[in-house]
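What follows is a set of notes on a single structure, which appears directly below.
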């Protein structure tokens with residue numbers, strides 16, 4: 001099993017920039033969660049070498065490259081330097097020949113779709129909510145390079161998490177304003193479990209698994225955070241912060 005400490009230790013001496021450290025500390029547990037899913041799927045595939053693609057390069061992409069050295073690990077997206085931010089600092093080193101630069105919002109224009117190598121495993125983790133392009137178009141685009149027996153892993157925040165519901169009850173919008181710099185966007189739209197299942201059906205995918213999980217860490221654990229987590233557990237998993245859905249083509 002891969003744990004978050006192994007990821008944090010890997011970057012401990014490499015990262016000094018505050019934003020990058022903060023992002024890594026929040027997301028390391030999520031990366032470990034995803035890597036264990038990818039490992040399980042990879043072990044079920046008998047091919048000696050496969051293509052894997054991580055859409056939206058980040059720390060995760062480098063960790064996949066490090067963990068699956070016999071496979072070719074591509075990254076797709078973030079063609080703008082200002083998109084790097086805390087999730088993709090300069091210390092993250094990816095294979096240059098495996099980086100596919102592409103503005104993912106161009107997916108909305110069919111004539112701008114690009115050719116991508118066929119892949120056995122496709123990861124779309126914490127990306128969909130940052131795009132203003134319809135998710136159905138994104139899933140249809142992915143189907144052009146996902147092998148017929150390949151696996152698509154989608155990870156996205158839960159739009160109806162307890163945090164978001166509390167914000168709404170307090171008369172506050174749980175989502176930030178649309179940023180002026182659309183090359184480094186926040187969340188345009190978040191999704192629910194039912195919406196993900198509906199999208200899968202619309203785009204001719206079969207749901208293999210679905211998981212609610214609290215894989216985002218907080219910077220400071222205080223009484224308020226402790227009570228929040230207790231209440232989440234009492235109310236049930238549908239109030240958790242994160243969702244992961246695993247799909248294959250029908």
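Packing-wise, with mean Cβ within 10 Å as the measure, how do 51-58, 169-176 rank, highest first?
Details: 51-58: 24.4, 169-176: 10.4.
My ranking of the peptides, most packed first, is 51-58, 169-176.
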Mean-square fluctuation check for the chain, GNM, Cα pairs under 10 Å: which of 43, 184, 66 is largest? 43
For 48, 206, 195, what's the fewest-to-most ordering of other Cβ within 10 Å of each Cβ? 48, 206, 195
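What does the helix-only formula give at 222 nm for the chain: each DSSP H stretch with n ≥ 4 adding -39500 (n - 2.57), the total divided by the residues, and the result rounded to the nearest 500 deg cm²/dmol? Numbers along the way, then the final one.
On the way: 7 runs with 82 residues, N = 250.
Result for the chain, helices only: -10000 deg cm²/dmol.
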State whether the chain is rounded, prolate or oblate according to the following rule on the C-alpha gyration tensor (a ≥ b ≥ c being the square roots of its eigenvalues): a/c under 1.5 gives rounded; otherwise a/b larger than b/c gives prolate, and the remaining case gives oblate. rounded
Could you check the spin-label model distance between residue 178 and residue 234? Points 7 Å from the Cα along Cα→Cβ, value in nm. 3.9
Can you give the relative contact order of the stretch 4-249 as a percent, counting alpha carbon pairs under 8 Å and 6+ residues apart? 20
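Run the numbers for residue 207 and residue 115: contour at 0.36 nm per residue of separation, minus the present Cα-Cα distance, in nm.
Details: separation 92, 0.36 × 92 = 33.12 nm, distance 2.53 nm.
Gain in length upon complete extension: 30.6 nm.
Computed from the coordinates by the stated procedures, all read-outs in this text should not be read as laboratory data. All values reported here derive from a predicted model rather than from experimental measurement. Quick reminder, even Gly has a Cβ in these numbers, built from the backbone with ideal geometry, and neighbours come from all protein chains shown.
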